[in-house]
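See structure below.
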There are 2 protein chains.
Amino acid sequence: MRYFIVYAHPEPRSLNGALKDHAVAALRAAGHEVEVSDLYTMGWKAAADGSDFVDYDPAKRLVYASASNTAFTNGTQTPDIAAEQEKLLRADVVVLQFPLWWYGMPAILKGWIDRVYANGFTYGVGQHGGGKWGNRFGEGRLSGRRAMLAVTAGGRREHYTPRGVNGFIDDLLFPITHGVLFYPGMTVLPSLVFYEVHNFLGDTSYDAMFAAYTERLLDAANVEPIPFRSQNGGDYDDRQVLRPGIEGDAVGLAVHQSEPSVAHPTLLLRAAS
Amino acid sequence: MRYFIVYAHPEPRSLNGALKDHAVAALRAAGHEVEVSDLYTMGWKAAADGSDFVDYDPAKRLVYASASNTAFTNGTQTPDIAAEQEKLLRADVVVLQFPLWWYGMPAILKGWIDRVYANGFTYGVGQHGGGKWGNRFGEGRLSGRRAMLAVTAGGRREHYTPRGVNGFIDDLLFPITHGVLFYPGMTVLPSLVFYEVHNFLGDTSYDAMFAAYTERLLDAANVEPIPFRSQNGGDYDDRQVLRPGIEGDAVGLAVHQSEPSVAHPTLLLRAAS
């Protein structure tokens, strides 16, 4: 298989850097192809603006979504954006790997989404109008691919449980798992979250995390995905609102899954000590 | 009062730009002081990295949170970071104004959070250890301030309702309202969300939005806040997990509010047409 890891950490000598390096080595050793976009090392431009389009005219008002569509269609995106789109298209498994900063992605990774997710590429795809809302949430240009988040967090596992003070990790990540990965059609695997990473400074604990990450990636074709509901599969009505009663006992954002998770879908790995 | 608007849009001639300009003019006309951080115009550096600290040594491994604490304590943050912290400390009302991109903040604004929210400033404040988890979620260095989000979205209101296909807007924004604004102690007002902004290209519709934004800002001292539960107020146990049964009928992320919202807490403004 072909893996594509989008990696966002400013320090190569970090736990995140080591996780990424071990994963790449293990996947290649198992015969897989791996591409990595190391956003900090690449000097990825985070802020979406007019300079993302080679024919940008600052004298004219920028409507980013329109300009994005024109540039995607005409091949006038900047080369850095087009290159990342090609990597997505080549991949069988897409991984966003990052430290959780303020309950979300580091800015540099958000800026990868903002810029690479062009109009006509990941949105604005399929029929719009006439009761249709496009191909999204389960359908789209990236369908056929599997995707997942690999996240490190300084906080404790308990603080991210369904009643934990930070908010439930699956809900905090929903804007990414559902809104970024599922939106353009990818099949989303449960997120892999490593907690209390500041306590994991010993080699032995690191080894357990490297193994867990590698094992998950190697098993990506088989892992049961998050059963997000397809937009156009009949569960939502013409207004794109979930039909009454269809969610069973599910509550909150979990109503957008067709089945409850059998267990907590996020791996809750932490030190044994 | 003193308002601080952190504004993130790449095009001054946009709806967002006009909303910001009208709000600033109206607040000043009413006798208030207003500071604006226009992140694109400022060329705000989005990616948090070692160069945020004036004494950064690339030969040493960067642990961002530790370096942040040292720099905050010693006054060795870069001047752009320190200046934004001063603006936060001067403000009575803090507004993050942005277009919703991929169900979150534009990268440049996320990078403002990542860099300005230093260790020792917005986190790592108060007693940690001995059963204490610091002053956060309702307490912290920014307590006494009110804060809110002002968001424009291309999507339809219905798609962001509690059963809408995108996910409930309050849940999508929870990582920001709860995780970014409430975390360092600010009192959080309901988010002001403008939907279907691409359909609002006529002057008349714009006027209604300008008025709604201005009215909300002028009323910021009186608006009923989102009743998020204080971390240290007794609702969470020693593990920082919500005590059993305390949430009544609330479900999902709303369990972190002490009362259900009387009505949908987010203003759902759209064209009458």
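The values are calculated or read from the model by the stated rules, or taken from the named source; none is laboratory data. Keep in mind the model is a prediction, meaning the values are calculated, not measured. Don't worry about glycine lacking a Cβ; one is built from the backbone with ideal geometry, like all the others, and counts go over all protein chains shown.
Kindly list the number of the only condition in (1) in a helix (DSSP H, G or I); (2) touching a Gly at 6+ places or on another chain (Cβ under 9 Å); (3) surrounded by 20 or more Cβ atoms within 10 Å (Cβ to Cβ) that fails for A:HIS198.
(3)
Does A:LEU181 meet the test of being farther than 23 Å from A:ALA26 by Cβ, hydrophobic (A, V, I, L, M, F, W, C) and not in a strand (DSSP E or B)? Lay out the reasoning, then the answer.
Numbers: farther than 23 Å from A:ALA26 by Cβ: no; hydrophobic (A, V, I, L, M, F, W, C): yes; not in a strand (DSSP E or B): yes.
Here the answer is no, as A:LEU181 does not meet what is asked.
Assess whether A:GLY131 counts as being modelled with pLDDT of 95 or more and not basic (Lys, Arg). Please lay out each step first, then the result.
On the way: modelled with pLDDT of 95 or more: no; not basic (Lys, Arg): yes.
For A:GLY131, the condition - modelled with pLDDT of 95 or more and not basic (Lys, Arg) - is not met.
When the residues of region A:60-114 are filtered to those that are closer than 23 Å to B:PRO99 by Cα and of a type in the set (Phe, Trp, Tyr), which remaining residue is nearest to the other protein chains (Cβ to nearest Cβ)?
A:TYR103
Of all residues in region B:115-141 being among the basic types (Lys, Arg) and either within 11 Å of another protein chain (Cβ to nearest Cβ) or outside any loop (DSSP other than H, G, I, E, B) (or both), which is farthest from the chain's Cα centre (by Cα)? Show your work before the answer.
From region B:115-141, those among the basic types (Lys, Arg) are B:115, B:132, B:136, B:141; that's our starting set.
Imposing the further condition that a residue be either within 11 Å of another protein chain (Cβ to nearest Cβ) or outside any loop (DSSP other than H, G, I, E, B) (or both) reduces the set to B:115, B:132, B:136.
On the way: B:ARG115: 14, B:LYS132: 25, B:ARG136: 15 Å.
Among those residues, the one meeting the criterion is B:LYS132.
Does any residue in region B:6-19 that is hydrophobic (A, V, I, L, M, F, W, C) come within less than 8 Å, Cβ to Cβ, of a residue that is at pLDDT 95 or above and surrounded by fewer than 18 Cβ atoms within 10 Å (Cβ to Cβ) six or more places away or on a different chain, and which pairs are these?
none
Name the residue that is nearest to B:ALA91 (Cα to Cα), counting only residues in region B:159-170 that are among the β-branched types (Val, Ile, Thr) and assigned to a loop (DSSP other than H, G, I, E, B). Talk me through it step by step, then tell me what you get.
Start the filter on region B:159-170 by keeping residues that are among the β-branched types (Val, Ile, Thr), which leaves B:161, B:165, B:169.
In the following step, the residues that additionally are assigned to a loop (DSSP other than H, G, I, E, B) were identified as B:161, B:165.
Working: B:THR161: 32, B:VAL165: 37 Å.
Among those residues, the one meeting the criterion is B:THR161.
Condition first: at the interface with another protein chain (Cβ under 7 Å from one of its Cβ atoms) and among the β-branched types (Val, Ile, Thr). Now tell me which residues in region B:236-256 satisfy that.
Looking only at region B:236-256, we keep the residues that are at the interface with another protein chain (Cβ under 7 Å from one of its Cβ atoms), and these are B:236, B:239-242, B:251-253, B:255-256.
Once the filter is applied, which keeps residues that are at the interface with another protein chain (Cβ under 7 Å from one of its Cβ atoms) and among the β-branched types (Val, Ile, Thr), region B:236-256 yields B:VAL241, B:VAL251, B:VAL255.
Going by the conditions given, is B:LEU189 in contact with a Lys or Arg (Cβ under 7 Å, 6 or more places away or on another chain) and either buried (at least 21 other Cβ atoms within 10 Å of the Cβ) or more than 22 Å from B:ALA8 (Cα to Cα) (or both)? It would help to see each step written out before you state the result.
Numbers: in contact with a Lys or Arg (Cβ under 7 Å, 6 or more places away or on another chain): yes; either buried (at least 21 other Cβ atoms within 10 Å of the Cβ) or more than 22 Å from B:ALA8 (Cα to Cα) (or both): yes.
So B:LEU189 fits the description; yes.
May I ask you to list the residues in region B:142-158 that are crowded, with 21+ Cβ neighbours inside 10 Å and either assigned to a helix (DSSP H, G or I) or touching a Phe, Trp or Tyr at 6+ places or on another chain (Cβ under 7 Å) (or both)?
B:ALA150, B:VAL151, B:THR152, B:ALA153, listed by residue number.
Restricting to region A:202-261, name every residue that is among the β-branched types (Val, Ile, Thr), buried (at least 18 other Cβ atoms within 10 Å of the Cβ) and assigned to a helix (DSSP H, G or I).
Scanning region A:202-261 gives A:THR214, A:VAL255.
Of all residues in region B:9-36, which are away from every other protein chain (no Cβ under 14 Å) and of a type in the set (Gly, Ala, Ser)?
Taking region B:9-36 first, the residues away from every other protein chain (no Cβ under 14 Å) are B:19-36.
Residues satisfying the conditions are B:ALA23, B:ALA25, B:ALA26, B:ALA29, B:ALA30, B:GLY31.
Just need a number here: residues in region A:143-163 that are in contact with a Gly (Cβ under 7 Å, 6 or more places away or on another chain) and either under 30 Å from B:ILE246 (Cα atoms) or within 14 Å of another protein chain (Cβ to nearest Cβ) (or both).
Within region A:143-163, the first condition is being in contact with a Gly (Cβ under 7 Å, 6 or more places away or on another chain), and the residues that meet it are A:143, A:158.
From what is left, the residues that are either under 30 Å from B:ILE246 (Cα atoms) or within 14 Å of another protein chain (Cβ to nearest Cβ) (or both) are A:158.
Residues meeting the conditions: 1.
Against the condition within 14 Å of chain A (Cβ to nearest Cβ), within 13 Å of the chain's Cα centre (by Cα) and buried (at least 19 other Cβ atoms within 10 Å of the Cβ), how does B:ILE176 come out, does it pass? Spell out how you get there, then give the answer.
Numbers: within 14 Å of chain A (Cβ to nearest Cβ): yes; within 13 Å of the chain's Cα centre (by Cα): yes; buried (at least 19 other Cβ atoms within 10 Å of the Cβ): yes.
Here the answer is yes, as B:ILE176 does meet what is asked.
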